[in-house]
Amino acid sequence: MLRRTKTAQASNLLAYLLWASAAIFFHQLTHIALFDLLSLRIVLATVMCLVLVTLMGQQSALLALLRGRFKLIALSAMLIASNWLLVISSISSEQLNSASLGYYLAPVLTLLLLKLVNREGLQLKEYVCLTLCLCGVMLYIKMQAYAALPWQGLVIALTFALYVVLRRYLREPAVVVLAAEHVCAALPALLYLAWSHYTASGSGLSHQLQQGDIVKLCILGVVTTLPLLLYNFSVKHLSSAFVSLSQYLNPTLMLLIAVLLFKEVVMAGQWLGLAFIWGGIAVYFVLAQRAQAQHAV
């Protein structure tokens, strides 16, 4: 039992490390046009998902899911593709710190959406968390050099939260759902790549690719697909407290990459805004743990 828990913890942490490392590979491929890069990532990840489905003998489950719940899968694919598009855009525009803001807010927004869907009222810890997070966002906006709305981060939070809520209605194995999402997204991606190739004059994909890009794209397909499988395995064997806290590792690593590797400037006031968000998250977990302890007694 202890060995399984340690394996699950390692898988969970590795999933977030791989997710964060994707930003480094995307950064090395920013010379490729935004939609070309997203489309290539979708196609390569689709190939990997189909190989995994075949190896696991889940082809019939994949076909059944696509036939029976195509609209839901298509919507899920659109949300996660939009999320990746915004992440790539934030990296290209040297605003990865804004994307990290989105992933800090996504769990809070997910909680609110689930409360809305289930028609449940907010508890004290949720009011406190939400208030501090909203104050943090306002400070983050106010203290930027141009006081501009971090729309990329906010839309990243919204698309990811909607994606998480939607995935709760898909009970099939993670690899089957992931493959179905990529199959839905692959056809538009292939059509776009074909259109881009035949309409571009001197700026097509073949002119954008540099030496080593194919290898980097293949690695990118792995580091943006494998984490979900590791994550889904790990959550079955971990406490809710560990899972809830570990989800903030991804935006923290993204923020560190933005500041330390990409040399993005985060002003003192923005750090203060992030501190309010961290404080809101901390208050939520402290109050939740206290309530759980009292209930146990």
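The values are calculated or read from the model by the stated rules, or taken from the named source; none is laboratory data. What you see is a predicted model, and the numbers here were worked out from it, not measured in a lab. Backbone-built Cβ (ideal geometry, glycine too); neighbour counts: all protein chains shown. Heavy atoms of the whole protein, side chains included, go into the accessibility calculation; ligands, DNA and RNA do not. Shrake-Rupley method; radii C 1.70, N 1.55, O 1.52, S 1.80 Å.
Brief remarks follow.
- Any chance Pro107 is surrounded by 19 or more Cβ atoms within 10 Å (Cβ to Cβ), at pLDDT below 75 and not charged (D, E, K, R): no
- Positions within the stretch 175-194 being among the small types (Gly, Ala, Ser), over 17 Å from Pro227 (Cβ atoms) and open to solvent by less than 30 Å² (accessible area, probe 1.4 Å), in sequence order: Ala180, Ala185, Ala186, Ala189
- When Ser76, Ser90, Ser100 are checked against the criterion of being under 22 Å from Gly279 (Cβ atoms), in a helix (DSSP H, G or I), modelled with pLDDT of 80 or more and not charged (D, E, K, R), Ser100 stands alone in meeting it.
- Checklist (1) of a type in the set (A, V, I, L, M, F, W, C); (2) out of contact with any Gly (no Cβ under 9 Å at 6 or more places or on another chain); (3) open to solvent by less than 40 Å² (accessible area, probe 1.4 Å) applied to Leu40, failing item: (2)
- Residue match in the stretch 138-149 (condition: at pLDDT 80 or above, open to solvent by 30 Å² or more (accessible area, probe 1.4 Å) and assigned to a helix (DSSP H, G or I)): no
- Residue in the stretch 84-98 that is out of contact with any Phe, Trp or Tyr (no Cβ under 8 Å at 6 or more places or on another chain) and aromatic (Phe, Trp, Tyr) present: yes
- Test set (1) open to solvent by 50 Å² or more (accessible area, probe 1.4 Å); (2) within 23 Å of the chain's Cα centre (by Cα) - Ser60 fails condition number: (2)
- Residue within the stretch 222-244 that is at pLDDT 80 or above, under 22 Å from Trp19 (Cβ atoms) and open to solvent by 70 Å² or more (accessible area, probe 1.4 Å) present: no
- Some residue of the stretch 152-169 being over 18 Å from Leu109 (Cβ atoms) and among the basic types (Lys, Arg): no
- Restricting attention to the stretch 50-90, the residues being free of Cβ contacts under 8 Å to residues at least 12 places away in the same chain and more than 30 Å from Ile32 (Cα to Cα) number 10.
- Leu14 being open to solvent by 70 Å² or more (accessible area, probe 1.4 Å), assigned to a helix (DSSP H, G or I), of a type outside the set (Gly, Ala, Ser) and out of contact with any strand residue (DSSP E or B) (no Cβ under 8 Å at 6 or more places or on another chain): yes
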